[in-house]
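Here's the structure, in structure tokens; my notes come after.
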Amino acid sequence: MAKLAIIGGTGLTSLMGLEITNREVMHTPYGEPSGPLVHGRFSGTEVVFLPRHGSGHTIPPHKVNYRANLWALSKAGADKVIAVNAVGGVRADMLPGRLVFPNQIIDYTWNRVNTYFEEGLSHVTHVDFTHPYCEDLRQMLIRGAREAGIDAVDEGTYGATQGPRLETIAEINRMERDGCHLVGMTGMPEAALARELDLCYVCCAVVSNMAAGRGPGEITMEEIEQNLISGMNNVKTLLEYVLPALRG
Ligand code: HPA
């Protein structure tokens, strides 16, 4: 049966409220995923959970094996993915603690393996990525957040940076001129790989800080961690609200 996958980001290495049934170690043609897949039920709905940075939060954004993660989730029967990503707010309304459901992406990452279509091809393949996220699932999250009274922004352009360092003010200024509203390090190539596997993939971004030069001072890990606590509580509430409607 088709399942929902949840990919946890910084601040979501375990999913509180998940009744775990089993952990599955998967090996893929692309190497090892970030850890065992965690199968269980959340809000009565069957889900498979994978923390992107590993269960001990040890894998930095540029070292995540995005191909192995999505391949493993797909092989485990997932056809929908809710990806949770910590982000910095570029536009003034992207305030810490808020959830954002972006509808567009600009990719600034480099040197990451970003496709399944590179070896042994019978023909060159280009997937459509006009609308990078699955609109049906995105609308479900937007409706769910609205009905649950969660502070959320319905759209935005996610600028994906290489990391692991945070950006300079000039880089954020340039990203804003480009049209980015939020900045994170894990949105790509994950979204594009999900499209290549034909997964219905959506991003639930959690603002952990104002981006460089958009807040009063320098960005600290304490600030990020503190804001993620309230943001992740909102994610959990949202999932409790939305998942029953996704029961297969
Ligand atoms: N920049 C990039 N990635 C991030 C940020 C940021 O300010 N905050 C959380 N992830």
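The values are calculated or read from the model by the stated rules, or taken from the named source; none is laboratory data. Everything numeric here is computed off the predicted structure, so don't read it as measured data. Counting neighbours? That spans all protein chains shown, and the Cβs are built from the backbone with ideal geometry, glycine included. For the accessible areas, the whole protein counts, side chains as well, though only heavy atoms, and no ligand, DNA or RNA atoms are used. Shrake-Rupley method; radii C 1.70, N 1.55, O 1.52, S 1.80 Å.
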Taking only the alpha-carbon positions of the chain as identical scatterers, the Debye log10 I(q)/I(0) at q = 0.11, 0.12, 0.17 Å⁻¹ comes out as -0.53, -0.63, -1.34
Computed over the chain, the relative contact order (Cα-Cα under 8 Å, seq sep at least six) in percent reads 27 percent
Gyration tensor on Cα atoms of region 95-189, a ≥ b ≥ c root eigenvalues, a/c under 1.5 rounded, else prolate if a/b beats b/c, else oblate, says oblate
Rounded to the nearest 10 Å², the 1.4 Å probe accessible area of V90 is 0 Å²
Filtering the chain for DSSP H helices with an axial alpha carbon extent of at least 27 Å and a Kyte-Doolittle mean of at least 1.0 returns none
Counting only protein heavy atoms and rolling a 1.4 Å probe, one gets per residue an accessible area for the chain in Å² of 45 Å²
Of every hundred units of 1.4 Å-probe accessible area on the chain, the number belonging to carbon and sulfur atoms, as a percent, is 51 percent
Low-density loop trypsin sites (Lys or Arg not before Pro), region 162-221, at most 12 other Cβ within 10 Å, DSSP non-H/G/I/E/B, are R165
A chain fully extended from E222 to A170 at 0.36 nm per residue, minus the present Cα-Cα distance, gains in nm 16.4 nm
Counting sequence-distant residues (5 or more places) and residues on other chains, those with an amide H built under 5 Å from that of V153 are L99, V100, F101
Expressed in angstrom and rounded, the centroid-to-centroid distance over alpha carbons for region 107-156 and region 194-225 is 15 Å
In the chain, lysine pairs 8 or more places apart or on different chains with C-alpha atoms under 21 Å apart total 4
For the chain, cysteines with no other Cys Cβ under 4.7 Å from their own Cβ are listed as C180, C203, C204
Using a 1.4 Å probe on heavy atoms of the protein chains only, the accessible area for E222 in Å², nearest 10, reads 130 Å²
